[in-house]
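Only one structure is covered here, and it is reproduced in the block below.
The values are calculated or read from the model by the stated rules, or taken from the named source; none is laboratory data. Because the structure is predicted, anything quoted here is derived from the model rather than measured. Cβ placement follows ideal geometry from the backbone for every residue including glycine, while neighbour counts extend to all protein chains displayed. Ligands, DNA and RNA are excluded from the accessible area calculation, which covers all protein heavy atoms including side chains. Shrake-Rupley method; radii C 1.70, N 1.55, O 1.52, S 1.80 Å.
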Amino acid sequence: MATALPNVGKGARYGDLKRRLLFLLAALLVFRIGAHIPCPGIDPKVLADLFQGQQGGILGMFNMFSGGALSRFTIFALGIMPYISASIIMQLMTAVSPQLDQLRKEGEAGRRKITQYTRYGTVFLALFQATGISIALESQPGLVLDPGMLFRLTTVTSLVTGTMFLMWLGEQITERGLGNGISIIIFAGIAAGLPQAIAGTLELVRTGAMHPLTALLIALAVLVVTAFVCFVERGQRKILVNYAKRQVGNRVYGGQSSHLPFKLNMSGVIPPIFASSLILFPATVLGWFGSAEGLLWLRDIAGTLTPGQPIYVLMYGALIVFFCFFYTALQYNPKETADNLKKSGAFVPGIRPGDQTARYLEKILTRLTLAGAVYVTSVCLLPEFLILRWNVPFYFGGTSLLIIVVVTMDFMAQVQAYIMTHQYESLLRKANFKGGPGLPVR
């Protein structure tokens, strides 16, 4: 006998979604509060002067990712970058180590083991970076109030603890909130600097340093490039895949068609991050050592590797293209995909299963990667010309724009999928309660 359908309102239906969103907002609030808790022993005025001259260096890039925490030298000054570096290193090690590759294929247990190794790597990298930062800060005259072992120990403990807390917070967002927690923390750090960048642009217009028409053209360029990034990030090459029919007893399985989707930009935002780090890190180190007497030539070399210089632009573009191909090759194995298709009885129409399918997928992947590399390089080089031509007071485009757009699109897709899942559950629940055809009557 069918029972009456309980009154399930939208508030009860989406209650879990509301709780996840509230948890996400609370976690981001904790992140922003921590980004304003300073580490002890630093003169803030001298620190501000130091970062004023490092806007285009590696410190400026890391400061953007940390949401300004590095320029204030707070407990979150390292941000989540050690965890990202450890994750990338683990991916590289998985590609070259048969033991780690086998561990990756073991399912959930292997994934937990790799996550554990990644955490160990995060602690090691955070210790190394925090120690280097503490020593480098002591080398700056007047920056550290009381140099010595106590300052180094306090700084290393504070920075490593802050990084580990951010790693834990990101995992909690992934589990209890919405979206990828690590990506959302980076997104929040970049987005936190946008109001200040907009205010800086408006101040230039107010003081007459920038023509209002120029500011309007820059705003229009931001909208056009954002729309272009959204369009390209949704771009896919769908390869038709047919499944052969097979008979098990009296039933026939297969005979259906599916698609194998290839994104245009399969490497994501990793290539520009790697390229920026490889160029800006040696330039920053050379700039520090170039301040000593007799080593001024190091400062001249560092000057050629700063944003806006021709050598920097050429090296930056070349490294982005290289890492697009390199990271895509690590992420996707056409041979493994072809073997999996063959084992499941699937084939690409007109292509023989096995090695021929692998070569076909590799040819398509190479063409897509080339187009994606040109796209990523174009977006990342645009701010160089804006800064050089109009002295735009913020790093528009590039890695920051890609991260903001990609994370936002991923977040909206997860929210839509979550709502769609609850709608399907509601329909199934109604069908069960009403005793629909083909479903058991309660």
Pairs with Cβ under 7 Å, 6+ apart, first in the stretch 76-93 and in contact (Cβ under 8 Å) with a residue 60 or more places away in the chain and within 23 Å of VAL30 (Cβ to Cβ), second surrounded by fewer than 19 Cβ atoms within 10 Å (Cβ to Cβ) and of a type outside the set (Ser, Thr, Tyr): PHE76/GLY34
Residue list for the stretch 127-159, filter: without any contact (Cβ under 8 Å) to a residue 40 or more places away in the chain and closer than 23 Å to TYR83 by Cα: LEU127, PHE128, THR131, GLY132, SER134, ILE135, ARG152, LEU153, VAL156, THR157
Filter pass, ILE186 being of a type in the set (Val, Ile, Thr), under 26 Å from LEU28 (Cα atoms), touching a helix residue (DSSP H, G or I) at 6+ places or on another chain (Cβ under 9 Å) and surrounded by 15 or more Cβ atoms within 10 Å (Cβ to Cβ): yes
Residues that are part of a helix (DSSP H, G or I) and open to solvent by 50 Å² or more (accessible area, probe 1.4 Å), drawn from the stretch 141-153: MET149, LEU150, ARG152, LEU153
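Per-residue answers, yes or no, for (1) in a helix (DSSP H, G or I); (2) open to solvent by less than 50 Å² (accessible area, probe 1.4 Å); (3) out of contact with any Phe, Trp or Tyr (no Cβ under 7 Å at 6 or more places or on another chain):
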site	(1), (2), (3)
LEU70	yes, yes, no
LEU78	no, yes, yes
ILE88	yes, yes, yes
GLN91	yes, no, yes
ILE114	yes, yes, yes
ALA126	yes, yes, yes
Within the stretch 165-179, tally of residues that are open to solvent by less than 70 Å² (accessible area, probe 1.4 Å) and more than 16 Å from LEU25 (Cβ to Cβ): 3
Residue match in the stretch 226-237 (condition: over 29 Å from the mean Cα position of the chain (by Cα) and not in a helix (DSSP H, G or I)): no
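Each row is one residue, and each column tells you yes or no for (1) out of contact with any Ser or Thr (no Cβ under 8 Å at 6 or more places or on another chain); (2) part of a helix (DSSP H, G or I); (3) crowded, with 17+ Cβ neighbours inside 10 Å; (4) at pLDDT below 90.
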position	(1), (2), (3), (4)
TYR316	no, yes, yes, yes
LYS342	no, yes, no, yes
ARG359	yes, yes, no, no
VAL374	yes, yes, no, no
CYS380	no, yes, yes, yes
LEU388	yes, yes, no, yes
